[in-house]
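Asks: To start, I am sharing the structure in question, which I have written as structure tokens.
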Amino acid sequence: MPHSVSPVRAVASARSPVPRSGSAVLLAAGLLVAGCAQAGTAGTAGGGAQAPVRVGLVYSKTGPLAAYGAQYLEGFKAGLDYATQGTGAVDGHRIEYTEQDDAGDPAKAVSEAKDLIGQGYRILAGSTASGVALQVAPIAAQNKVLFISGPAAADKLTGLNAYTFRSGRQSYQDILTAASFLGDAAGRKVTVLAQDNAFGQANVAAVKAVLGGQGASVDAVLAPPDATDLTPFATQAKAARPDLLFVAWAGDTASALWTALNQQDVFATTKVVTGLDLAASYPLFGPAAAKISFLDHYFGGAAGTDVEKAMTAYLAKDGAKPDIFSPDGFTAAQLVVHAVEANHGSVNDTSALAKALEGWSFDGVKGRLTVRAADHALLQPMFQVQLTGTGAAAAPSVLRTLPADQVAPPVTPIAG
């Protein structure tokens, strides 16, 4: 999808072959005055031709989470442009990235990660699915490769090893946002309705840790990830008669789920809290939308920051709009650029790359972000949101922005 908006952007979309892998996008190098970089950006002057920095993006280009993967990739391109101030380079070293499609399959992702590592890639990013990230992270650590997980929300990634970071939120932050709707949880009953996969199990564990720790009783209704008839699970959720039903769902069966919940009249008997998904899902809630309490990682326009405006402007040039996981890709690019910049364009010492990220605070799409040094959790604001209107007119608005410290997960010491 080449564009000719500017010389830099034209080169940024050019493709060149990379042995045994997807195509690499080469972002043009340029010269900037040293010391003029914004927070989370690189603006150092480059000399002659320097060895490029190669980044492997292993993400869901196809499969059930392909829409999320597309948002991640668009955000990454925007973040790379922003973080390098349009030069595509750090200290004269071009940032190249290679796309690999894991299709949401952990085994495929592991194979692709090993292939990239074998080719000499020292930085990996991506992982749309939690199950993928939990398999790729140990491979990265074993090979001393910096790994920046993307939308994958599993809490187990935090503190998993010294080489694993994340550019998105984690389940614990979702649950702390959900808890803000409930108030005093002591003596209340909470049911989690989720898919029986890494993402769903992580949400069950987080709800038990957060709301269970506050005195609520927590149970779960788990559906097989490939289930298409979701009425039995909606019926089970209603029969549990919880004070709060927390719905954690991802993928292309969301429409069937909300249809089943509507048909079973679950909204009339319990308070329902769920995460607001990508914009294409807004019409799926129908009239029930006004009855749902939405926690939110992000939607286009939620933050109102200068960085968000920069990302939105970049995406618009590509005919795209910001969506739930656009910031995850954008932040990943900021992390990559900062780590490389701190090491003057070298990626040979990946321990030094990791150290450069630990404790780093910077201005991101959602506001001020911090990579917690103790366990690499990404501390960030979260949102309470309402959805108004139906069909194509459905639109979100922020009820409340929860500061990063209010939704910070507990520290998990790094395991290795």
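Asks: Select, from V272, V340, V336, the only residue that is touching a strand residue (DSSP E or B) at 6+ places or on another chain (Cβ under 7 Å), in the same structural domain as T235 (by TED's automatic domain parsing) and of a type in the set (A, V, I, L, M).
Replies: One residue alone meets the criteria, V272.
Asks: What pairs can you find where one residue is in the stretch 249-260 and within 17 Å of F199 (Cβ to Cβ) and modelled with pLDDT of 85 or more, the other is aromatic (F, W, Y) and in a loop (DSSP other than H, G, I, E, B), and their Cβ atoms are less than 8 Å apart, with a gap of 6+ or different chains?
Replies: That search, which allows pairs on different chains as well, returns L257/W249.
Asks: Can you give me the number of residues within the stretch 268-295 that are modelled with pLDDT under 90 and aromatic (F, W, Y)?
Replies: Count: 1.
Asks: With respect to P52, is the statement that it is over 23 Å from the mean Cα position of the chain (by Cα) and at pLDDT 95 or above true?
Replies: In short, yes.
Asks: Give just the number: which of (1) in contact with a Phe, Trp or Tyr (Cβ under 8 Å, 6 or more places away or on another chain); (2) without any contact (Cβ under 8 Å) to a residue 40 or more places away in the chain does T269 not satisfy?
Replies: (1)
Asks: Answer with yes or no whether K144 is in a helix (DSSP H, G or I) and among the charged types (D, E, K, R).
Replies: no
Asks: Do we find that A29 is over 22 Å from the mean Cα position of the chain (by Cα), modelled with pLDDT under 50 and in a loop (DSSP other than H, G, I, E, B) in this structure?
Replies: The answer is yes for A29.
Asks: For the stretch 360-405, which fully contained strands (runs of 3 or more DSSP E) count at least 2 residues that are crowded, with 20+ Cβ neighbours inside 10 Å, within 19 Å of the chain's Cα centre (by Cα) and of a type in the set (A, V, I, L, M, F, W, C)?
Replies: 367-371, 382-388
Asks: Something else about it: Could you grab the pairs with beta carbons closer than 6 Å, sequence gap of 6+ or different chains, first residue in the stretch 193-209 and over 14 Å from P410 (Cβ atoms), second one charged (D, E, K, R) and part of a helix (DSSP H, G or I)?
Replies: Close Cβ pairs (under 6 Å, with a partner that is charged (D, E, K, R) and part of a helix (DSSP H, G or I)) amount to A202/D155.
Asks: Taking D81, is it over 28 Å from A194 (Cβ atoms), charged (D, E, K, R) and either in contact with a helix residue (DSSP H, G or I) (Cβ under 7 Å, 6 or more places away or on another chain) or at pLDDT 95 or above (or both)?
Replies: yes
Asks: Which of the numbered conditions does A153 fail, given that it passes all the others? Conditions: (1) touching a Ser or Thr at 6+ places or on another chain (Cβ under 6 Å); (2) at pLDDT below 95; (3) not in a loop (DSSP other than H, G, I, E, B).
Replies: Only one criterion is unmet by A153, namely (3).
Asks: Name every residue in the stretch 346-379 that is free of Cβ contacts under 8 Å to residues at least 12 places away in the same chain and under 18 Å from G79 (Cα atoms), in order of residue number.
Replies: S361
Asks: Cβ-Cβ distance below 7 Å, separation of 6 or more or different chains: which pairs start in the stretch 178-192 with a residue that is modelled with pLDDT of 90 or more and end on one that is aliphatic (A, V, I, L, M) and in a helix (DSSP H, G or I)?
Replies: Note: pairs meeting the criteria are A185/A179; R188/L182; V190/V207; T191/A237; V192/V204; V192/V207.
Asks: Pairs, please: C-beta under 6 Å, at least 6 apart or cross-chain, first residue assigned by TED's automatic domain parsing to the domain that holds A152 and surrounded by fewer than 22 Cβ atoms within 10 Å (Cβ to Cβ) and in the stretch 105-125, second at pLDDT below 95 and in a helix (DSSP H, G or I)?
Replies: P106/G131
Asks: Could you list, in sequence order, the residues of the stretch 126-139 that are surrounded by fewer than 24 Cβ atoms within 10 Å (Cβ to Cβ) and at pLDDT 95 or above?
Replies: L134, Q135, P138, I139
Asks: Would you be able to tell me the number of residues in the stretch 310-348 that are farther than 20 Å from M382 by Cβ, among the charged types (D, E, K, R) and assigned to a helix (DSSP H, G or I)?
Replies: Total meeting the criteria: 2.
The values are calculated or read from the model by the stated rules, or taken from the named source; none is laboratory data. Since this is a predicted model, take the numbers as computed values, not measurements. Glycine also receives a Cβ, built like all others from the backbone with ideal geometry; neighbour counts cover every protein chain displayed.
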